[in-house]
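The structure appears right after this line, and notes come after that.
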Amino acid sequence: MSLNYIKNFYEGCLRPPTVIGQFHTLFFGSVRMFFLGVLGFAVYGNEALHFSCDPDRRELNLYCYNQFRPITPQVFWALQLVTVLVPGAVFHLYAACKNIDQEEILQRPIYTVFYIISVLLRIILEVIAFWLQSHLFGFQVHPLYMCDASALEKTFNVTKCMVPEHFEKTIFLSAMYTFTGITVLLCVAEIFEILCRRLGYLTNQ
């Protein structure tokens, strides 16, 4: 029975009950993760090594880099992807345990409501992630970062630091904002599809 639960859970995650949900899974699982995993590493992988300040001293570079990046973008976006997956995963786990068929989700009102709630939670989490990203990383990466290093050594005070590949990072940031926006739009469209199909079921009855 446990293997059957795993099979149902796996199929539910890969093949949601809506067409837009299936496209969202493809977009989310393929394009977004590929973009983050491959290009994200290429753009941000060695950022800490090439981040340099004046004077170019290891402890100053590390101190200012930690100030510049309280959390690395790759870690933030990985956490975002995992967090956004949780509501849908919880719902499909529930559906697998109850042996609920994917078509049955849109036919029975209680399951439809639970599924819509999971989609709404995805939207909320994406919006929160968008807001956090804007506060942590902004919308543009500047070539110079002014670091307050007075806590490290009083002689340093405010020092200039060079941010490597700032233009590439700006493009990548814009792409991640765009992916978040597309995901939110897909979730909203999925809710409309669910409501339309529910109306279709009610009309046929």
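The values are calculated or read from the model by the stated rules, or taken from the named source; none is laboratory data. Predicted model only: the values in this text are computed from it and were never measured. Counting neighbours? That spans all protein chains shown, and the Cβs are built from the backbone with ideal geometry, glycine included. In case anyone asks, the SASA skips ligands and DNA or RNA and just uses the protein heavy atoms, side chains included. Shrake-Rupley method; radii C 1.70, N 1.55, O 1.52, S 1.80 Å.
When only Cα pairs below 8 angstrom with a gap of at least 6 residues are kept, region 133-192 shows a relative contact order of 30 percent. Think of each Lys and Arg Cβ as +1 and each Asp and Glu Cβ as -1; about the Cα centre, that makes the dipole of region 17-204 roughly 260 debye. Computed from point charges on the beta carbon alone (+1 for Lys and Arg, -1 for Asp and Glu), the dipole magnitude for region 60-165 about its Cα centre is near 220 Debye.
Distance between the pseudo-spin-label points of Val82 and Cys196 (7 Å out from Cα toward the beta carbon): 3.6 nm. Counting only protein heavy atoms and a 1.4 Å probe, region 17-204 has 54 square angstrom of accessible area per residue.
Could you list the chymotrypsin sites (Phe, Trp or Tyr not before Pro) in region 123-179 that lie in coil according to DSSP, counting only those with at most 11 other Cβ atoms within 10 Å of their Cβ?
Phe139
Helix 58-68 versus the longest principal axis of the chain: what angle, 0 to 90°, nearest 10, using Cα atoms? Value to nearest ten degrees: 40.
For the chain, what mean projected area does the convex hull of the alpha carbons give, in nm²? Before the final figure, lay out the partial values.
Values: hull surface 54.3 nm².
One quarter of the hull surface, i.e. the mean projection, equals 13.6 nm².
Once the Cβ-Cβ distance of Leu120 and Asn66 is raised to the sixth power relative to R0 = 45 Å, the FRET efficiency obtained is 0.80. Can you tell me the 0 to 90 degree angle between the C-alpha axis of helix 166-204 and the longest principal axis of the chain, rounded to 10? For 166-204 against the chain, the angle is about 10 degrees.
Could you give the length gained on full extension between Lys160 and Phe27, defined as 0.36 nm per residue of separation minus the Cα-Cα distance, in nm? Don't skip to the answer; put the middle values down first.
Details: separation 133, 0.36 × 133 = 47.88 nm, distance 4.00 nm.
So the extension gain works out to 43.9 nm.
Does anyone have the angle between helix 2-14 and the longest principal axis of the chain? Alpha-carbon axes, 0 to 90°, nearest 10? That helix lies at roughly 70 degrees to the long axis. For the chain, carbon and sulfur atoms together expose 69% of the accessible surface, with a 1.4 angstrom probe and every protein chain in place.
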